[in-house]
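Engineer: Quick one: structure below, then a few questions.
The values are calculated or read from the model by the stated rules, or taken from the named source; none is laboratory data. If you're wondering where the values come from, they're calculated on a predicted model, not measured in any experiment. Note that we place each Cβ from the backbone using ideal geometry, even for glycine, and neighbour counts take in every protein chain shown. Ligands, DNA and RNA are stripped out before the accessible areas are found, and what is left, the full protein with its side chains, is counted by its heavy atoms. Shrake-Rupley method; radii C 1.70, N 1.55, O 1.52, S 1.80 Å.
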Amino acid sequence: AQKVTQAQTEISVVEKEDVTLDCVYETRDTTYYLFWYKQPPSGELVFLIRRNSFDEQNEISGRYSWNFQKSTSSFNFTITASQVVDSAVYFCALSEANYGGSQGNLIFGKGTKLSVKP
Amino acid sequence: DVKVTQSSRYLVKRTGEKVFLECVQDMDHENMFWYRQDPGLGLRLIYFSYDVKMKEKGDIPEGYSVSREKKERFSLILESASTNQTSMYLCATERGTGDEKLFFGSGTQLSVL
């Protein structure tokens, strides 16, 4: 069965610290997709990244970076030099390719609440 | 930018009432989804639709139904609301070409008393 585990329920850091959010997934499929979404206090989830199971290259986007390791079934997210605006709940999610390739049928982790204090 | 609009931000209903949650999108996306979000449980998929008049059950469809009469509108229906349906409901859309990300509305916080 598919499952996404975000073991960290809440993390609190001081501005400019680096922080890593952990995500471990379970799936039997060889083709799957992993996502990170950010949910700020306004409530609207915002897409951050999508990664398919055949691409283990790490990704960097500004202060954000993602480390995908199939050997440990992990897809961790690091924020470098955190800022107050990074305060949000972050969700990791898994999708298996089905229904014509739609990735909307997502399995979400329970989320990690990140608080960045000034 | 895609806009996904949910009709109410907050809603209070009584047990046994029939409740309609509306979601409208303006970017001609094929796929639409309803999730509920509960503290400590993350997001769980209730129903989704890949076409007009088409619907598929998600992981927790019990107690809910949906309607998609027009491409841009996807309604979630609670036939007889119960207190365990108190939750944040999130609508999402996806373009439908297979290389996708979800666009979410701001959510409706439903309280059933």
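Engineer: Looking at (1) more than 13 Å from the chain's Cα centre (by Cα); (2) aliphatic (A, V, I, L, M); (3) more than 8 Å from chain A (Cβ to nearest Cβ), can you tell me which one residue B:24 breaks?
Structural biologist: The one condition residue B:24 does not meet is (1).
Engineer: Continuing with the same structure: Scan the stretch A:70-79 for residues that are open to solvent by 10 Å² or more (accessible area, probe 1.4 Å), at pLDDT 95 or above and not hydroxyl-bearing (Ser, Thr, Tyr) and jot them down.
Structural biologist: Matches in the stretch A:70-79: A:76 only.
Engineer: Just to be sure, is residue A:57 crowded, with 17+ Cβ neighbours inside 10 Å and not charged (D, E, K, R)?
Structural biologist: Considered against the rule, which asks whether it is crowded, with 17+ Cβ neighbours inside 10 Å and not charged (D, E, K, R), residue A:57 comes out as no.
Engineer: Select from the stretch A:95-117 the residues that are at pLDDT below 95, more than 8 Å from chain B (Cβ to nearest Cβ) and farther than 15 Å from residue A:31 by Cα and list them in ascending order.
Structural biologist: Those that are at pLDDT below 95, more than 8 Å from chain B (Cβ to nearest Cβ) and farther than 15 Å from residue A:31 by Cα: none in the stretch A:95-117.
Engineer: Has the stretch A:7-20 got at least one residue that is in a loop (DSSP other than H, G, I, E, B) and either without any contact (Cβ under 8 Å) to a residue 60 or more places away in the chain or within 23 Å of residue B:103 (Cα to Cα) (or both)?
Structural biologist: yes
Engineer: Can you spot a residue in the stretch B:84-97 that is open to solvent by 20 Å² or more (accessible area, probe 1.4 Å) and in contact with a helix residue (DSSP H, G or I) (Cβ under 9 Å, 6 or more places away or on another chain)?
Structural biologist: yes
Engineer: Could you say whether any residue in the stretch B:96-105 is of a type in the set (Ser, Thr, Tyr) and either in contact with a strand residue (DSSP E or B) (Cβ under 8 Å, 6 or more places away or on another chain) or more than 10 Å from every other protein chain (Cβ to nearest Cβ) (or both)?
Structural biologist: No, the stretch B:96-105 has no match at all.
Engineer: Which one of these is out of contact with any Leu (no Cβ under 8 Å at 6 or more places or on another chain), within 28 Å of residue B:108 (Cβ to Cβ) and not charged (D, E, K, R): A:89, A:84?
Structural biologist: A:84
Engineer: Restrict the check to the stretch A:34-54 and report whether at least one residue is crowded, with 19+ Cβ neighbours inside 10 Å, more than 16 Å from residue A:9 (Cα to Cα) and touching a residue at least 60 places away in the same chain (Cβ under 8 Å).
Structural biologist: There is at least one residue in the stretch A:34-54 that is crowded, with 19+ Cβ neighbours inside 10 Å, more than 16 Å from residue A:9 (Cα to Cα) and touching a residue at least 60 places away in the same chain (Cβ under 8 Å).
Engineer: Open to solvent by 50 Å² or more (accessible area, probe 1.4 Å), within 21 Å of residue B:31 (Cβ to Cβ) and in a strand (DSSP E or B) - does that describe any residue in the stretch A:80-98?
Structural biologist: The answer is yes, given that some residue of the stretch A:80-98 is open to solvent by 50 Å² or more (accessible area, probe 1.4 Å), within 21 Å of residue B:31 (Cβ to Cβ) and in a strand (DSSP E or B).
Engineer: Of the residues in the stretch B:69-89, how many are of a type in the set (A, V, I, L, M, F, W, C) and either closer than 17 Å to residue B:56 by Cβ or modelled with pLDDT under 95 (or both)?
Structural biologist: Qualifying residue count for the region: 3.
Engineer: Could I ask something else about it? Residue B:76 - would you say it is surrounded by fewer than 17 Cβ atoms within 10 Å (Cβ to Cβ) and closer than 19 Å to residue B:104 by Cβ?
Structural biologist: No: the conditions fail for residue B:76.
Engineer: Considering the stretch A:25-43 alone, what residues qualify as being over 15 Å from residue A:92 (Cα atoms) and within 14 Å of another protein chain (Cβ to nearest Cβ)?
Structural biologist: The answer is A:31, A:41, A:42, A:43.
Engineer: So which of B:66, B:4, B:19 ends up being within 26 Å of residue A:109 (Cβ to Cβ), at pLDDT 95 or above and among the β-branched types (Val, Ile, Thr)?
Structural biologist: B:66 is the lone residue from the list that is within 26 Å of residue A:109 (Cβ to Cβ), at pLDDT 95 or above and among the β-branched types (Val, Ile, Thr).
Engineer: Of (1) surrounded by fewer than 16 Cβ atoms within 10 Å (Cβ to Cβ); (2) within 14 Å of chain A (Cβ to nearest Cβ); (3) within 16 Å of residue B:104 (Cβ to Cβ), residue B:59 satisfies all except one. Which?
Structural biologist: (3)
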